[in-house]
Amino acid sequence: MGTSGAYTGAGGKAGKEVSQGLAEWVDSLPGAPSGADGEETVGSPDDGDRPTISLPTEAITGLLGLLRPRTSGSGSADGPGGGGFGGGGVESGGRGKTRAGSGRSTRRLSSIGGRAAAGAYAFARADASGLQGLGLDYGELAALGDPFEVTRLIVDAVCGERAESTLESEEERYVAAAIADWVLTESEEGPPPELDEVTRYAIATILTEVLSTELAVALRERPDEVKAVAEDELNDAASVLAGQAELSPTGPTANELEIAIEAGIEMLRTIYGPGK
């Protein structure tokens, strides 16, 4: 999970809040360092029922502070959005010249997640016209007989070809892949998941991916075993957080899902009030 690599944190007030909050959170996890000698007591993720540990408010407010909200007015620098499948390629937007972490935005990640979910949803429902809007052919995808390849083509259609490797572009590709794969997997033996489930999963995936990247900062001096436990719990914590948003998706199109995802994240912003 995550695209942390050598990334050293977003910086600024929000980045500091996330790092401090995650460090506090990791200390509370089962298997965190304990005792004067700092010995680890790390258990396997499969060992019994693990309690879900909520993220500290500081980590949540910092996280939401790292995601730029939608700008006012019709002109936004946040990338594609508000218009279905069209114009879905990843734009450089000068991101390679900006401070790491500053290119993230609620609108862009919601757009990426919404279009990936809509593409997978269209394929699961054999909706050829829906896939056409993404530039994909249902017959060709169905003939592949490989969900992994279907996911890959949906990600390429949503995010564009991998022209550059920036923090934001890698996070966006992960979000698109995770959401599309989940919708397809959930649809294998029955109808696609309910729209509110898709939306909540998308919100949790976005939050998890950004937090996972920042987690490297909080854990840079911790053993890999503790990191594995923390990242496994991180997804559960993000899912609980996503469950606090009241959702009302109106349909399975890219635009409708994008609006629902963004509204859910903005509701969390209202609840936790980053920057207050």
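So the values come out like this:
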{"quantity": "Residue 105 long-range amide H proximity, modeled H, under 5 Å", "calculated": "68"}
{"quantity": "For the stretch 125-171, fraction of C-alpha pairs farther apart than 13 Å, in %", "calculated": "60"}
{"quantity": "Solvent-accessible surface (1.4 angstrom probe) belonging to residue 141, in square angstrom, nearest 10", "calculated": "10"}
{"quantity": "Neighbour net charge for residue 190 - beta-carbon separation under 14 angstrom, K R +1, D E -1", "calculated": "-4"}
{"quantity": "Convex hull volume of the stretch 210-258 per residue (C-alpha atoms, cubic angstrom)", "calculated": "92"}
{"quantity": "Unit charges at the beta carbon, dipole of the stretch 206-276: most positive-side option, 267, 239, 206", "calculated": "267"}
{"quantity": "Taking all pairs of distinct alpha-carbon atoms in the stretch 126-202, Kirkwood radius in angstrom", "calculated": "13.3"}
{"quantity": "Check: the stretch 203-276 dipole with +1 on Lys, Arg Cβ and -1 on Asp, Glu Cβ, in debye", "calculated": "280"}
{"quantity": "Ranking by accessible area, most exposed first, for 224, 127, 137 with a 1.4 Å probe", "calculated": "224, 137, 127"}
{"quantity": "Orientation-averaged projected area, Cα convex hull of the stretch 166-220 (nm²)", "calculated": "4.3"}
{"quantity": "Three-way shape label, the stretch 159-261, alpha-carbon gyration tensor, a/c 1.5", "calculated": "prolate"}
{"quantity": "For the stretch 104-246, size of Cβ-based charge dipole, Lys and Arg +1, Asp and Glu -1, in debye", "calculated": "480"}
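The values are calculated or read from the model by the stated rules, or taken from the named source; none is laboratory data. If you're wondering where the values come from, they're calculated on a predicted model, not measured in any experiment. For neighbour counting, all protein chains shown are included, and Cβ atoms are generated from backbone atoms with ideal geometry for every residue, glycine included. The area values use the complete protein model at the heavy-atom level, side chains included, leaving out ligands, DNA and RNA. Shrake-Rupley method; radii C 1.70, N 1.55, O 1.52, S 1.80 Å.
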